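So the structure is just underneath, and the comments pick up after that.
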Amino acid sequence: MSKKYQTPLLDELKNGKWPSFVNEIEKAAEKSEMTEDLLGQVEQSYNEKAGHWKHGGMVGVKGYGSGIVGRFSDLPEKYPGVKEFHTIRINQPSGFFYTSDILRKIVDIGEKHASGLFNFHGSTGDIQILGAKTSELETIFQQCVAHGFDLGGSGSALRTPSCCVGMARCAKANYDTMHICYNITQAFQDEMHRPIFNYKFKFKFSGCGNDCTASIARADMSVIGTWKDNIRIDQDMVKEYAKKMNLHKYVLSKCPTKCMSYDENGLKIDDSNCTKCMHCINVMPKALRPGIKGGATILLGSKAPMVSGPRLSMVLVPFYDVAEDAKNDYQWFRDLIEKIWEFWDEYGVSRERIGELIQRVGIGNFIEAIGLEPLPEMVSSPRGNPFVLYEEYVEADEGQGESV
Amino acid sequence: MTDETKTQLEEAIVNLIKEFTNKKRFKPGDIVKEMEAKFSAKGVTKDDVKAAIRDLADSGRLIYGYAGGSFLSLPE
Ligand code: HEM
Ligand code: HEM
Ligand code: SF4
Ligand code: SF4
C-alpha cells in the first residue's frame, strides 16, 4: 500500500531482530489517517532532532482533573491528524491480569475512538490509549467505565499505584503486593482524580528485592519485600546445583556481604549479615527461598531526572509487617501516608517532589514531623561533614554527661 | 458546615478564580489554603474545601487544566 510519507529514518528502526514500534505504528496507520500523520511528524522530528508536541491545556473529562495527558502538534496544518493526540490513562488491574475478552473490548474502544495505538503499560503502570481527539475523550471514558475501568492519575496528583505480580505468580514475593496496591488505590481515589498536591506522587509495590516495578528509582514511595528470619535452604538441591556450576564463583563470591560459606557440610548463611539482595535466591531458586517472616521495607523519595536530578528512595521503615496491617485495612500505612502528605502540603513548594523537600529540610526534621524514630537504616550514605550538632534532648538525658 | 456556608464557600471559590482570570493560575492546594483561612471562623475544614472543589468540578462550574502543574479555571 502506498505510504503518505517517506520515512527513511523511521525505516532504520525496523531493522534488527527485536520488535519495533515503527512496525506497529505502520500497521495502525493502515486503518487510521491520523496515525499516518503521526509517522510524518515523528520522521520530521528525527530529521530535525526536535520534538513537535505541545503539552497540557484544558483537556480532561468532566469532574476529573487527571487521567488525560493533553498532547497537541505544533505543526497542525502540516499534520492535521495529530493536531490533537491526547493520551488516556486507564487504571490497570493489580499485577496486570486481564481476560482476553476484556482486552479486546478496551482495544475496540481505542481503535474506534483514538489512533488504535496503545501502551501496555506506561511507566506509571496504566494502560495508555494513545491519540484521542478532545471531542472523543468523554465517550472513551464512559465506555471504559461501562467495562469496569476508571481513569488513572496524571498532573499534580497521586499517580496510579502499581505492583508486581507478587503472590499470584511469583515464589519470591514476601507480601501480597496486589492486595495492598488495590486497597491503597481505592482508599485514595480523590487524591488520584482531583489533583491537590504540589506535584506528582507515586507508589510502587515490589514483592522482593528484585524490584520488578523498579520502585527504588521510580516511585516516591517504594515498598519492597523483605524478610526477618533466615533464608530457607534445601541442602540436597544445593548439592545438585554444585554438580552443575561453581558455587564459589557464581554465588558465594557475588554475595555483597560475603556472608555465605560452602563445604562438604553444606551451605551456610550468616543471615544477620544478609542484606536480602536476592542474588543467591535468583541463581538457585530451587534450593533457596526467602524466609517465612515476610514483610516490606518502606522507602521514600525517588524520582526520575526531571526538574532536578534523579534520586533513589531512602529507607523510611526498615520492616513493615504488611500481613498484620492488612488485617486492619492497612490503617497504619494509610496514616503514615497522610502524615507525609500533610508535611509535603505544609512545607513543599510547587513542583517539588517529596524527596527533594526532605533533602531541603533535612531528614531529621522530616521524620520528627511525621512521628518516626531515627534509625541507622535511614542513613543512605556516610556523612561528608564531620561536625556533630547535639540536639537539646540529648543533653537532657541524665547521667549521659554534658554534650560538647 | 451548614448549607448556607457551603453555598458561600462555593461562591467564594468561583469568584476568586473569576477575579484572577488571566492573571493567576490557582492550584487546588492554594484554594484550599486560602478558603480554609477565610472561612475558619465558620469551622470550615480542609476536607470541606476539597469537597466544595469536587462539587464545582462535577457540576462543570470549574474545570481542571494542566501547565507544568494542575490548576483550576472557569470553563471556556
Ligand atoms: C592553608 C592553610 C589551611 C587550610 C587550607 C585549611 C583548610 C581547612 C578546611 C578545608 C577545613 C574544613 C572546613 C569545613 O569542613 O567546613 C578546616 C577546618 C579547620 N581548620 Fe583549617 N586550614 C588551614 C589552616 C589551619 C590552621 C593554621 C589551623 C589552626 C592553627 C586550622 C584549624 C582548623 C580547625 C580547628 C578546623 C575545624 C573548624 C571547626 O571545627 O569549626 N586550620 N581547615
Ligand atoms: C588543647 C588544645 C585543643 C583541643 C582541646 C582541641 C579540641 C578539638 C576537638 C574537640 C575537635 C573536634 C574533634 C571531632 O569530634 O571531630 C578538634 C578538631 C580539630 N582540631 Fe583541635 N584541639 C586542640 C588543639 C588543636 C590545634 C593546636 C590544632 C592545629 C594546629 C587543631 C586542629 C584541629 C583540626 C584541624 C580539627 C578538625 C579535625 C576534623 O574535623 O577531622 N586542634 N579539636
Ligand atoms: S519483585 Fe520479586 S516478588 Fe515481585 S515479581 Fe519480581 S521477583 Fe517476584
Ligand atoms: S540474599 Fe544476597 S546478601 Fe543475602 S545471602 Fe544471598 S547473596 Fe548474600
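The values are calculated or read from the model by the stated rules, or taken from the named source; none is laboratory data. Being a predicted model, the structure only gives us computed values, none of them experimental. Don't worry about glycine lacking a Cβ; one is built from the backbone with ideal geometry, like all the others, and counts go over all protein chains shown. Heads up: the accessible areas ignore ligands, DNA and RNA and are worked out on the full protein's heavy atoms, side chains in. Shrake-Rupley method; radii C 1.70, N 1.55, O 1.52, S 1.80 Å.
Taking the range A:156-194 on its own, how many of its residues are open to solvent by less than 10 Å² (accessible area, probe 1.4 Å) and either within 14 Å of chain B (Cβ to nearest Cβ) or part of a helix (DSSP H, G or I) (or both)?
11
Please identify the pairs in which a residue from the range A:7-28 that is without any contact (Cβ under 8 Å) to a residue 60 or more places away in the chain has its Cβ atom under 7 Å from the Cβ atom of a residue that is surrounded by 12 or more Cβ atoms within 10 Å (Cβ to Cβ) and of a type in the set (V, I, T), counting only partners at least 6 apart or on another chain.
What qualifies is A:L10/A:V22; A:L10/A:V42; A:L13/A:V22; A:K14/A:V22.
Yes or no, residue by residue, for (1) part of a helix (DSSP H, G or I); (2) within 16 Å of ligand 2 (Cβ to nearest atom); (3) polar (S, T, N, Q); (4) at pLDDT 90 or above:
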position: A:A369; (1), (2), (3), (4): yes, no, no, yes
position: A:E373; (1), (2), (3), (4): no, no, no, yes
position: A:P382; (1), (2), (3), (4): no, yes, no, no
position: A:L389; (1), (2), (3), (4): no, yes, no, no
position: A:V394; (1), (2), (3), (4): yes, yes, no, no
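Of the residues A:K83, A:K27, A:K31, A:K62, which is in contact with a strand residue (DSSP E or B) (Cβ under 9 Å, 6 or more places away or on another chain), under 18 Å from A:Y5 (Cα atoms) and open to solvent by 50 Å² or more (accessible area, probe 1.4 Å)?
Checking each option against the conditions leaves just A:K83.
Which condition from (1) surrounded by fewer than 24 Cβ atoms within 10 Å (Cβ to Cβ); (2) not in a loop (DSSP other than H, G, I, E, B) is the one that A:V223 breaks?
Unmet for A:V223, out of (1) surrounded by fewer than 24 Cβ atoms within 10 Å (Cβ to Cβ); (2) not in a loop (DSSP other than H, G, I, E, B): (1).
Out of everything in the range A:114-135 that is among the polar types (S, T, N, Q), assigned to a loop (DSSP other than H, G, I, E, B) and within 24 Å of the chain's Cα centre (by Cα), what residue ends up being modelled with the highest pLDDT?
In the first step, residues of the range A:114-135 are kept if they are among the polar types (S, T, N, Q); the result is A:115, A:119, A:123-124, A:128, A:134-135.
Next, only the ones that are assigned to a loop (DSSP other than H, G, I, E, B) stay: A:115, A:123-124.
Next, only the ones that are within 24 Å of the chain's Cα centre (by Cα) stay: A:123-124.
On the way: A:S123: 86, A:T124: 89.
This residue is A:T124.
Look at A:T139 and say whether it is within 14 Å of another protein chain (Cβ to nearest Cβ), open to solvent by 20 Å² or more (accessible area, probe 1.4 Å) and more than 16 Å from the chain's Cα centre (by Cα).
It is false that A:T139 is within 14 Å of another protein chain (Cβ to nearest Cβ), open to solvent by 20 Å² or more (accessible area, probe 1.4 Å) and more than 16 Å from the chain's Cα centre (by Cα).
Which helices (runs of 4 or more DSSP H) sit wholly inside chain B and have at least 3 residues that are away from every other protein chain (no Cβ under 13 Å) and polar (S, T, N, Q)?
Answer list for chain B: B:3-19.
So, of the residues in the range A:220-260 that are over 30 Å from the mean Cα position of the chain (by Cα) and hydroxyl-bearing (S, T, Y), which turns out to be farthest from ligand 4 (Cβ to nearest atom)?
A:Y241
Kindly establish whether A:V107 is crowded, with 24+ Cβ neighbours inside 10 Å and not polar (S, T, N, Q).
Here the answer is no, as A:V107 does not meet what is asked.
Please work out if A:G148 is more than 14 Å from every other protein chain (Cβ to nearest Cβ), open to solvent by less than 20 Å² (accessible area, probe 1.4 Å) and not in a helix (DSSP H, G or I).
Judged against the criteria, A:G148 is not a match.
Based on what the data block shows, is A:G355 exposed (fewer than 14 other Cβ atoms within 10 Å of the Cβ), in a helix (DSSP H, G or I), modelled with pLDDT under 95 and in the same structural domain as A:F205 (by TED's automatic domain parsing)?
no
Just one of the numbered conditions (1) open to solvent by less than 20 Å² (accessible area, probe 1.4 Å); (2) more than 27 Å from A:L151 (Cβ to Cβ); (3) among the polar types (S, T, N, Q) is not true of A:S73; which one?
Condition not satisfied by A:S73: (2).
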